[in-house]
Every structure is written in structure tokens, then in C-alpha cells.
Amino acid sequence: MLIPSIDLMNGQIVQLVQGEKLKLAFDDFEYWITRFEKYPLVQLIDLDAAMRQGDNRKLIQQFTSRLTCQVGGGLRTADDGKAMLDLGAKRVIYGSTLFGGDNPADRKRHPIMNLDFAASLNKALGEEQLVFSVDTKGGKVAVKGWKEQVDLTPEEAVTWLENDCAAFLYTHVDTEGTMSGFPIDVAAILRACTAKQLIVAGGIKEQKEIDDLDAMGVDAVAGMAVYSGAMNA
């Protein structure tokens, strides 16, 4: 399944290269909403919230009222997720708050992962409404808008978090926004680590990749290839 991506920053739809360099920006929201209405799922990410530079909550309902969305970006508490669900999100995405943090007492079961927090999200929001984001940079899990890393592999993270979410979102930051292709071997390894829905992103450039991933039981998020016109979506 192809899942179109809508990334919001400064009140616009944007596409960044490796989460840093602005490549494309659009404010013709109606055009993209209409174009994506045929898809069973769309990914909506608030980059400003993820980078702790404000948020785009006023815009989010414009998309969730018309599209079936999983929404993420800067969600830190169960109440944050509930607020997005109340705005019409089908599912909510949690990432950085699952790893590290300032209070070691939150990590009684694992030195890096906040497993009790993951379990509390499950209890508060329900497993079927949770997507856990495991993004990597240089082979290690990247957090806080991909600005920092923790000493953890994506395989370890997925294995530990398996019981508390409906799906995993994996972004290969090294190729994100580059249209250089997604590393299919990484998808194969992660597919073997979880029975949950697995969604991957980062560098996807053509339909063949979507088909190859689909054959493995892996769904794919595409952004740059769609917005640049390289992929007909």
C-alpha cells in the first residue's frame, strides 16, 4: 500500500531532505486533499511540533475532516494523542517520547526505552489507535526531530515495543527526501521482527519499490516522489 505523506511546517505542506533542507513547499491544500482522497490512509506530520518550534494544529482538522489520517509530530502525552483523535485522526504516531528522556526513573524495564510510557499509551488510547515511530540515522534510533540519536538499533526497538501498538513507522533518515531508493534489506529485517503492520519511508522513488515492499507485506510512505511528480499518485 502506498501512503501519501503530508508534512506541515510554517503553515505549508513541505518536503525536506533528511529532515533539514527545505526542498518543496505548497499552500494549495485543496488540490492535495482532493488528490489524496482516494487513498485509504494518509500520513500527516506536524514538523514544527516535532522540532519543538510551535505547531500547525489549526491546519490539521482541515485535512482530517476529509482524509483518513494517521497524525504525528511532537506528541508527548496521552492527552496530546487524544487531542489529535478528537480532531479526527484515525491513529496517532509517537516517536521520541518512547526513547531516552530526562528522567531515568521512567526507564525501569530498559535503560533507554520508556516501556511503561508505551504501555500507558496503550491503556489510555487503545492499541489500534497507536503507531510507534522508529526512525534511524546511521543505524541508530534518531529522536527529537532527528537531531539526536540514542544507542539503540531499530530491530531492538521494534521487538521491545511490539505489544503496545497497531503499527510501526520506520523512516530511514539517511535517504529521506533524496529519492535515492529505500534500502529493501532493512525492510526485510524489520519485517522479520514484528507481526504488526510495518510502514517504511525514506528515499522511495518509484512504483516498483512500492510493489517490492508490498510483496514482503510492508507498506510505504512516499512524499518527495509524489510532490515532485516522479511518482504518479
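Placing R0 at 45 angstrom, the Cβ-Cβ distance between R76 and M216 gives a FRET efficiency of 0.90 after rounding to 0.05.
An ellipsoid equivalent to segment 185-233, defined through the eigenvalues of its Cα gyration tensor, has semi-axes of 21, 9, 8 Å when rounded to whole angstrom and sorted largest first. Taking all Cα pairs closer than 8 Å and separated by 6 or more residues, the relative contact order of the chain comes to 18 percent.
For a modelled paramagnetic label at A192, 7 Å from Cα along Cα-to-Cβ, the residues of segment 136-166 in reach, with backbone nitrogen under 17 Å, are 153-160.
The local environment of A166, defined by Cβ-Cβ distances under 9 Å, has a net charge of 0 under the rule Lys, Arg +1 and Asp, Glu -1.
Mind checking the dipole of segment 2-228: about its Cα centre, +1 per Lys or Arg Cβ, -1 per Asp or Glu Cβ, Debye to the nearest 20?
In total the dipole reaches around 300 debye.
Here the spin labels are modelled as points 7 Å beyond Cα on the Cα-Cβ line, and at H110 and S228 they lie 3.4 nm apart. With R₀ fixed at 30 Å, the C-beta to C-beta distance from L87 to D185 puts the FRET efficiency at about 0.20.
In this structure the amide hydrogen of V42, modeled in the peptide plane, comes within under 5 Å of the amide hydrogens of T68, C69, Q70, none closer than 5 places in sequence on its chain. The amide H of K137, built 1.01 Å from its N in the peptide plane, has A142 as neighbours under 5 Å, considering only residues 5 or more places off or on other chains.
Solvent exposure of the chain amounts to 43 Å² per residue of accessible area, where only protein heavy atoms count and the probe is 1.4 Å. Calculated translational diffusion coefficient of segment 1-129 (25 °C, 0.890 mPa s; Stokes-Einstein with Kirkwood radius over alpha-carbon pairs) equals 158 µm²/s. Distance between the 7 Å Cα→Cβ label points at R66 and D28: 1.3 nm.
Its residue count N sets the reference 2.2 N^0.38 Å, and the alpha-carbon radius of gyration of segment 146-208 equals 1.15 times that reference.
If you wrap the tightest convex hull around every Cα atom of the chain and split its volume per residue, you get 109 Å³. Annotation for D151 and K123: the two label points, set 7 Å from Cα along the Cα-Cβ direction, are 3.1 nm apart.
Take every DSSP beta bridge whose two residues both sit in the chain; close to 30 percent of them are antiparallel. Across q = 0.20 Å⁻¹, segment 94-228 modelled as identical point scatterers on its alpha-carbon atoms has Debye log10 I(q)/I(0) values of -1.17, in the order of the q list.
For segment 2-228, what % of the accessible area comes from carbon and sulfur atoms, probe 1.4 Å? Result for segment 2-228: 49 percent of the exposed heavy-atom area is carbon or sulfur.
The values are calculated or read from the model by the stated rules, or taken from the named source; none is laboratory data. This structure is a prediction, so every number in the text was calculated from the model and none was measured. All Cβ positions, even for glycine, are placed from backbone atoms using ideal geometry, and neighbour counts span all protein chains on display. What goes into the accessible areas is simple: the full protein's heavy atoms, side chains included, and nothing from ligands, DNA or RNA. Shrake-Rupley method; radii C 1.70, N 1.55, O 1.52, S 1.80 Å.
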